[in-house]
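The values are calculated or read from the model by the stated rules, or taken from the named source; none is laboratory data. This one's a predicted model, so the numbers in the text were calculated from it and none came from an experiment. We place every Cβ from the backbone using ideal geometry, glycine too, and count neighbours over all the protein chains shown. Only protein heavy atoms, including side chains, enter the accessible area calculation; ligands, DNA and RNA are left aside. Shrake-Rupley method; radii C 1.70, N 1.55, O 1.52, S 1.80 Å.
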Amino acid sequence: MQAHPHRRRAIAWRLLLAAAAFSLATFLLHYFDSVASTATSARPIIVPPRRRPVSTLRAIKAITIPDSGGQSPVEVEQAPAAILLPDWEVLVLLHPADQGIGSSNATCAFPGGSSSPARALGRLPSSSSSSGGRLAYTCVMPRPVRRRQPFPAPRLITGDADQVDSGSVEMLRWRGRLVYHAVALDGGDVLVFAKGVNQRQGVNRKDVRCVYYGINDGVQLGAVTSAQQVFRCPPPPSLSSSSSASAEVRVTLAVAGEDPVPSMATYSRPAAIPSPSNEKKVTICACTMVRDVAKFLREWVVYHAAVGVDRFFLYDNGSGDDLADQVGQLRSAGYDVSVQAWPWPKTQEAGFSYAAAAHRDSCEWMAFIDVDEFIVSPSWAKSRKPTPRMLRSLVAAVDPDVGQVTLGCKDFGPSGRTMHPQEGVTQGYTCRRRGEERHKSLVRLDAVHPSLLNSVHHFELRPEFRWERSGRARVNHYKYQAWDEFKVKFRRRVSTYVADWTDTVNPGSKDRTPGLGFSPVEPAGWPHKFCEVEDTLLRDLTRKWFGVGFTNNQLPPPHTTSSSS
């Protein structure tokens, strides 16, 4: 049955009136938004963060920040201090002022009653030497919570506590763009670490602004440098004198024409009077990023200390083994070893950028090598004992304008081994590939470019400095170890720009293992692969200097020998 003509006309008129009303409402909405935006530019609304009990996380609050350069203001949000990492791992960060939370025994309590054990990772790098950085804990998100969207942030409980409040804030997620940390340097600049802003290696944005908010008037300032995940920012001028040094200030980044980057980073103003340091500047330090490599650490430290490394910096990427015990034993024996928590996945380049800036006043040169890499020279073969002059001579011989000494790598294979050699990697693996695939570096920290740009093991230098290749020494890289050790690499690689072993991309890359697929399945004949040259140089040296299986013996004091023959 067709509708009556009068009814059809009435329906048409109603539709026309509705469309007109919608158009008018849209116009008025845009008009008042424009007025509000103008008012906000003149008088920004700031909502400072409030300190809450340890058992709760900070709420998300929208605020608007003016731009000191005269551009439009931006709106940012205070981020919660919890983030969901890959593999359902949750990272929880606590303010350094929270007391009694240093225990390794804790619990992540989620809304709905689910919980999981939390493990302490240590304190993050901080601008303040007195209170230290935020405490980092990690736990696994329980399966029932994974079905809830959005994902709620947990509370961290270290003792008796009431039932979890179901109103917990949403967690950030480790995907897309994220500002994950910030720290002020002694010189005043602030390093802001962010993923996803510079999306490809070698392509770095120049239109990045640093945004501080949370106290007094927020401010935007242009980034001084932008390289990979590291952004060098000027300090906020509004905090230079009148603001409380203990106040928590949030920091993020904003790219021109885009929304600000989600952030969980805070800024702490360095102390007005730096605390005196008894740490003298040494000639050579070594820096590496570690995760569950405690059983390799003793051999690596004892050997390199004997040939000239004075100080060791370990950036811990979430180790769950007995790393702390091993470091404690080394320190008790007199070795200068320190550990810095660096829990963010696939951020090795950023961690090394921070290390190059943070340790500039305590180290003249830094060796950026892994714990399965050992520097050795054929000229040391006749030496009865190791001496610190061995490594120091490599850097002492270069001209003043040399900012980086590069060393070629020799990659060793399983050498017939089916399990980890008890005598250590230097004495257990003796067969290697003939060719040379990579190089590692000794870097003069004063020569590093302000951008801190690096490709993990070598750095961009200031224009007045140059590289020099050393033919006097090399790096033994015990890369392809017994299968049970090598397959651990499949969990995750630490470099930002190197694909994980399980990613089905770049099968022909030099970062891949020849003959190995994308799954942790042992290839046929693995124990005898990558064996083209029998090389016993370092095995024979360490046997002569330390004895067979020296890592199982009592720790020798560092630098005990001072002569060679």
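Worth a mention:
- Order by protection proxy (mean Cβ within 10 Å, highest first), peptides 279-288, 307-316: 307-316, 279-288
- Beta bridge orientation in segment 282-546: antiparallel %, DSSP, nearest 5: 45 percent
- Per DSSP, loop trypsin sites (Lys or Arg not before Pro) in segment 344-417 with at most 14 further Cβ within 10 Å: Arg384
- Each residue of segment 140-149 is assigned a 3J(HN,Hα), and the resulting list reads 9, 5, x, 4, x, 6, 5, 8, 9, 10 Hz, derived from the Karplus form 6.51 cos²θ - 1.76 cosθ + 1.60 (θ = phi - 60°), x at Gly and Pro.
- Straight-line cross-link reach from Lys280 at under 28 Å between alpha-carbon atoms covers these lysines, not counting any fewer than eight positions away in the same chain: Lys385, Lys440.
- Charge context of Val339, other residues only, Cβ under 13 angstrom, K/R +1, D/E -1: -1
- For Lys544, net neighbour charge (Lys/Arg +1, Asp/Glu -1) across residues whose Cβ lies under 12 Å away: +4
- Stretching Arg143 away from Asp292 to a fully extended chain increases their span by 51.1 nm, per 0.36 nm per residue minus the current alpha-carbon distance.
- With DNA, RNA and ligands ignored, accessible area of Trp174 (1.4 Å probe; Å², nearest 10): 40 Å²
- Taking only protein heavy atoms and a 1.4 Å probe, the accessible area of segment 282-546 is 48% carbon and sulfur.
- D_trans [Stokes-Einstein, Kirkwood Rh over alpha-carbon pairs] for segment 282-546, 20 °C, 1.002 mPa s, µm² s⁻¹: 113 µm²/s
- Distance (nanometres) between label positions extended 7 Å along Cα→Cβ at Ala18 and Val282: 7.7 nm
- Partners of Lys487 within straight-line reach, counting lysines whose Cα lies under 17 Å from its Cα and excluding those fewer than 8 residues away in the same chain: Lys295, Lys479, Lys529.
- Kirkwood hydrodynamic radius over Cα pairs of segment 366-451, then Stokes diffusion coefficient at 20 °C and 1.002 mPa s, in µm²/s: 140 µm²/s
- Charge tally for Gln149 (other residues, Cβ to Cβ under 12 Å; Lys, Arg +1; Asp, Glu -1): +3.
- Around the Cα centre of segment 282-546, unit charges on the Cβ atoms of Lys, Arg, Asp and Glu (plus for the first two, minus for the last two) sum to a dipole of about 660 debye.
- The label point for Ala397 and the one for Gln201, both projected 7 Å from the Cα toward the Cβ, are 3.0 nm apart.
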